[in-house]
Amino acid sequence: MAQFLNGRETIVTEAIDGLVGISNGRLARLDGYPHIKVVVRADWDRRKVAIVSGGGSGHEPSHAGFVGKGMLTAAICGDIFASPSVDAVLAGILAVTGDAGCLLVVKNYTGDRLNFGLAAERARTLGKNVSMVIVADDIALPDIPQPRGLAGTLFVHKIAGAAAENGADLQAVTAIAKRVISGTRSIAIALDTCTVPGSPREERIAVGKAELGLGIHGEPGVELVDFAGARGAVALVVAKLGKAMGPGPHVALLNNLGGTSALEMAVLTNELARSGIAASISHLIGPAGMMTALDMRGFSLSVYPASAADLAAITSYVQVPAWPGLSKFGVPQMIPMPVGIAPKARVPSANAQVRKLVLGICATLLAAASDLNALDAKSGDGDTGSTLAGAARALRDQVDELPLNDTPALYRSISQLLSQTIGGSSGVLLAIFFSAAGEAASGGAQLPESLRAGLERLQQIGGARIGDRTMVDALAPALDELTLGLPAAAAAAREGANLTAAMTQARSGRASYVTGGQLVGHIDPGAEAVALLFESLASQQI
């Protein structure tokens, strides 16, 4: 898998220089490349307790991204998923530790414990007052003697960092860190592994499955589970965490493992608000990528029973752009719709033949959704089928609320329904089509003339013409033949749709941004949808 990297050997140093270079002077690095990769606060004067953390790279923004006033004083960076050396850790300690001492915050991995631990011993022999705490917040294996350190480490960075910034001594800062560690619980779930630079991607998680209880280095999870969407994933995570949570309100930290989209993270946030532990969560940190595993498609959830003092520490000011802040956890606020936007009341009327026609159209669009999406993926964003299926579901679900026996009113109702239920260009163009058709029908025009009026308005506003590789290529010839009957109209629609496969360039719509070579051989999805509808109507003999 291609990545925007120059070479495995320089990934970490180039990333550090990129981070430090845009810090506006807040950060600096030690001059120890390539073996010593340490990011420090440029404004540090050693009068307060230093908070030092780190580990292997690949977890960005952890750990260097959290160096700044109110959090970390220094971050020691190893290579990808590899603990930094003893000398690198020692260099970081010596660079920032004054008389107030230094606290090392270490995640519970063997390499980190050994290298940070030995560096601490060497620093003590040099006269430095160094304390070390181990974060082991993973609950995936509750009986394991050495649980892993996960994103719950960020609670320690923030709360201990605030205490140090406020002048607490090393003993007090260490006690606070240990208290936070003792109350923090985390678990992760992922749909895919991560891509380690220079190594082939391991495809071990099958489609329809997820790994529950995995770490942040691409290692397998504790359990392979069936994937049942965002709600199911949150339910699995919450079921584990709920058993480990104590009483009282908790702060949750929702962490993106690196490859989950912002849209998905927002959905997961909503599911967390509806979950079995929602009543025990008062605040949320995130959703954001805070401690990632390169590009892993997954998330972790951490919880901590924060006191009032802890909340004050979590909300205290930091000069750390990567820190997402704290939000109150609650239900969405709603305000009334503006006047004029609320849907107008419809007067339903019955017509069995029209009802059958509408439901037949809906069934055709729903059945074709996947195929239309596949066609659209060749020239657009792959959503034509889903968009039209959304319109079909809305029509199907409200068919008995429509004025089926009043053609002009039916056209207008369909126009209003489409404008409310589907977005993008398809929704508004179809709404325009049916609105104009309803206007023509109100003036006495028959079916072919009404639909022709709709097409003319659609072309006037949308700008598409025959040959532009749009739905018009099928719709226009179909309406020209409609007076000869539905079979003739269906045949014309199919011929027009098929012709779009030979068109080398679209001149309207999103496909116009795609080069011609990518379009040839693929029917325009809008034209295909029109052809399918007319073929369906012709087969129903309506």
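The values are calculated or read from the model by the stated rules, or taken from the named source; none is laboratory data. On a predicted model such as this, the values are computed, not experimentally measured, just so you know. Please note: Cβ atoms are built from the backbone with ideal geometry, for glycine as well, and neighbour counts cover all protein chains shown. Heavy atoms of the whole protein, side chains included, go into the accessibility calculation; ligands, DNA and RNA do not. Shrake-Rupley method; radii C 1.70, N 1.55, O 1.52, S 1.80 Å.
Search the range 244-267 for residues that are at positive phi and pair each with any residue that is part of a helix (DSSP H, G or I) when their beta-carbon atoms are under 8 Å apart and the residues are at least 6 apart or on different chains.
Listed by first residue and then by second, the contacts come to G248/S280.
Does V38 meet the test of being closer than 21 Å to G218 by Cβ, at pLDDT 95 or above and β-branched (V, I, T)?
Values: closer than 21 Å to G218 by Cβ: no; at pLDDT 95 or above: yes; β-branched (V, I, T): yes.
When the stated conditions are applied, V38 does not pass them.
Return the residues of the range 186-205 that are assigned to a strand (DSSP E or B) and touching an Asp or Glu at 6+ places or on another chain (Cβ under 6 Å); say none if nothing qualifies.
First pass over the range 186-205, keeping only residues assigned to a strand (DSSP E or B): 186-190.
Those that are assigned to a strand (DSSP E or B) and touching an Asp or Glu at 6+ places or on another chain (Cβ under 6 Å): S186, A190.
Can you work out which of the residues in the range 116-152 that are within 34 Å of the chain's Cα centre (by Cα) and among the small types (G, A, S) is nearest to I187 (Cα to Cα)?
It comes out as A140.
Would you confirm, using the coordinates I've provided, whether P324 is assigned to a loop (DSSP other than H, G, I, E, B), closer than 26 Å to A162 by Cα and either open to solvent by 40 Å² or more (accessible area, probe 1.4 Å) or in contact with a helix residue (DSSP H, G or I) (Cβ under 6 Å, 6 or more places away or on another chain) (or both)?
Working: assigned to a loop (DSSP other than H, G, I, E, B): yes; closer than 26 Å to A162 by Cα: yes; either open to solvent by 40 Å² or more (accessible area, probe 1.4 Å) or in contact with a helix residue (DSSP H, G or I) (Cβ under 6 Å, 6 or more places away or on another chain) (or both): yes.
Taking the combined requirement at face value, the residue satisfies it.
Across the range 140-185, what is the total count of residues that are open to solvent by less than 40 Å² (accessible area, probe 1.4 Å), in a loop (DSSP other than H, G, I, E, B) and either at pLDDT below 95 or of a type in the set (G, A, S) (or both)?
6
What residue, of S370, S419, is open to solvent by 40 Å² or more (accessible area, probe 1.4 Å) and closer than 27 Å to A502 by Cβ?
Values: S419 fails: closer than 27 Å to A502 by Cβ.
Exactly one of S370, S419 is open to solvent by 40 Å² or more (accessible area, probe 1.4 Å) and closer than 27 Å to A502 by Cβ, namely S370.
Looking at the range 18-45, which of its residues are part of a loop (DSSP other than H, G, I, E, B), hydrophobic (A, V, I, L, M, F, W, C), open to solvent by less than 70 Å² (accessible area, probe 1.4 Å) and under 22 Å from L5 (Cβ atoms)? Step through it out loud before you land on a result.
Step one: of the range 18-45, the residues part of a loop (DSSP other than H, G, I, E, B) are 22-26, 30-37, 42-45.
Now narrow it down to the ones that are hydrophobic (A, V, I, L, M, F, W, C): 22, 30, 36, 42, 44.
When the remaining residues are screened for being open to solvent by less than 70 Å² (accessible area, probe 1.4 Å), the result is 30, 36, 42, 44.
The one that is part of a loop (DSSP other than H, G, I, E, B), hydrophobic (A, V, I, L, M, F, W, C), open to solvent by less than 70 Å² (accessible area, probe 1.4 Å) and under 22 Å from L5 (Cβ atoms): I36.
Please find, within the range 46-68, the residue that is nearest to A164 (Cα to Cα) out of those that are over 29 Å from the mean Cα position of the chain (by Cα) and surrounded by fewer than 24 Cβ atoms within 10 Å (Cβ to Cβ).
At the first step, the residues of the range 46-68 found to be over 29 Å from the mean Cα position of the chain (by Cα) are 46-52.
Going one step further and asking which of them are surrounded by fewer than 24 Cβ atoms within 10 Å (Cβ to Cβ), we end up with 46-48.
Working: R46: 11, R47: 10, K48: 6 Å.
Among those residues, the one meeting the criterion is K48.
Out of L365, L311, report the one residue that is aliphatic (A, V, I, L, M), surrounded by 15 or more Cβ atoms within 10 Å (Cβ to Cβ) and either modelled with pLDDT under 90 or in contact with a His (Cβ under 8 Å, 6 or more places away or on another chain) (or both).
Values: L365 fails: either modelled with pLDDT under 90 or in contact with a His (Cβ under 8 Å, 6 or more places away or on another chain) (or both).
Sole residue among the options that is aliphatic (A, V, I, L, M), surrounded by 15 or more Cβ atoms within 10 Å (Cβ to Cβ) and either modelled with pLDDT under 90 or in contact with a His (Cβ under 8 Å, 6 or more places away or on another chain) (or both): L311.
Counting only residues that are open to solvent by less than 30 Å² (accessible area, probe 1.4 Å) and either farther than 25 Å from T470 by Cα or in contact with a strand residue (DSSP E or B) (Cβ under 8 Å, 6 or more places away or on another chain) (or both), how many does the range 384-402 have?
Residues flagged as open to solvent by less than 30 Å² (accessible area, probe 1.4 Å) and either farther than 25 Å from T470 by Cα or in contact with a strand residue (DSSP E or B) (Cβ under 8 Å, 6 or more places away or on another chain) (or both) within the range 384-402 amount to 2.
Confirm whether N405 is surrounded by fewer than 19 Cβ atoms within 10 Å (Cβ to Cβ) and either modelled with pLDDT of 90 or more or part of a helix (DSSP H, G or I) (or both).
On the way: surrounded by fewer than 19 Cβ atoms within 10 Å (Cβ to Cβ): yes; either modelled with pLDDT of 90 or more or part of a helix (DSSP H, G or I) (or both): yes.
For N405, the condition - surrounded by fewer than 19 Cβ atoms within 10 Å (Cβ to Cβ) and either modelled with pLDDT of 90 or more or part of a helix (DSSP H, G or I) (or both) - is met.
Quickly run through the range 30-53 and pick out the residues that are closer than 12 Å to A88 by Cβ and in contact with a Gly (Cβ under 7 Å, 6 or more places away or on another chain).
Step one: of the range 30-53, the residues closer than 12 Å to A88 by Cβ are 30, 32-39, 52.
Of everything in the range 30-53, those that are closer than 12 Å to A88 by Cβ and in contact with a Gly (Cβ under 7 Å, 6 or more places away or on another chain) turn out to be V38, V52.
Working only within the range 262-313, note down all residues that are under 25 Å from G161 (Cβ atoms), within 18 Å of the chain's Cα centre (by Cα) and aliphatic (A, V, I, L, M).
Within the range 262-313, M265, L284, I285, A288, M290, M291, A293, L301 qualify.
Tally time: how many residues in the range 388-410 are in contact with a Leu (Cβ under 9 Å, 6 or more places away or on another chain) and touching a residue at least 40 places away in the same chain (Cβ under 8 Å)?
8
What about G330, is it open to solvent by 30 Å² or more (accessible area, probe 1.4 Å), under 30 Å from G65 (Cα atoms) and in a loop (DSSP other than H, G, I, E, B)?
Yes.
Are any residues in the range 27-53 touching a strand residue (DSSP E or B) at 6+ places or on another chain (Cβ under 7 Å) and in contact (Cβ under 8 Å) with a residue 60 or more places away in the chain, and if so, which ones?
L30, V49, A50, I51, S53
May I ask you to verify whether S426 is open to solvent by 60 Å² or more (accessible area, probe 1.4 Å), modelled with pLDDT under 85, under 23 Å from A441 (Cα atoms) and not basic (K, R)? Spell out the reasoning first.
On the way: open to solvent by 60 Å² or more (accessible area, probe 1.4 Å): no; modelled with pLDDT under 85: yes; under 23 Å from A441 (Cα atoms): yes; not basic (K, R): yes.
So S426 fails the test.
How about the range 432-453: which of its residues are among the aromatic types (F, W, Y) and touching a residue at least 24 places away in the same chain (Cβ under 8 Å)?
Applying the first criterion (among the aromatic types (F, W, Y)) to the range 432-453 yields 433-434.
Within the range 432-453, F433 is the sole residue that qualifies.
Would you pick out the residues in the range 83-130 that are of a type in the set (V, I, T) and farther than 20 Å from A28 by Cβ? Even if it seems obvious, please write down each step before you answer.
Taking the range 83-130 first, the residues of a type in the set (V, I, T) are 86, 89, 93, 96-97, 105-106, 110, 125, 130.
If the condition is that a residue be of a type in the set (V, I, T) and farther than 20 Å from A28 by Cβ, then V86, V105, V106, T110, T125, V130 are the ones that fit.
Can you go through A160, A177, A151 and tell me which one is under 23 Å from V86 (Cα atoms) and touching a strand residue (DSSP E or B) at 6+ places or on another chain (Cβ under 9 Å)?
After applying the criteria, what remains is A177.
Of all the helices (runs of 4 or more DSSP H) wholly in the range 411-501, which have at least 1 residues that are touching a Lys or Arg at 6+ places or on another chain (Cβ under 8 Å), more than 18 Å from A531 (Cβ to Cβ) and among the hydrophobic types (A, V, I, L, M, F, W, C)?
On the way: elements: 424-442, 447-462, 472-481, 486-499.
In the range 411-501, the matching helices (runs of 4 or more DSSP H) lie at 424-442.
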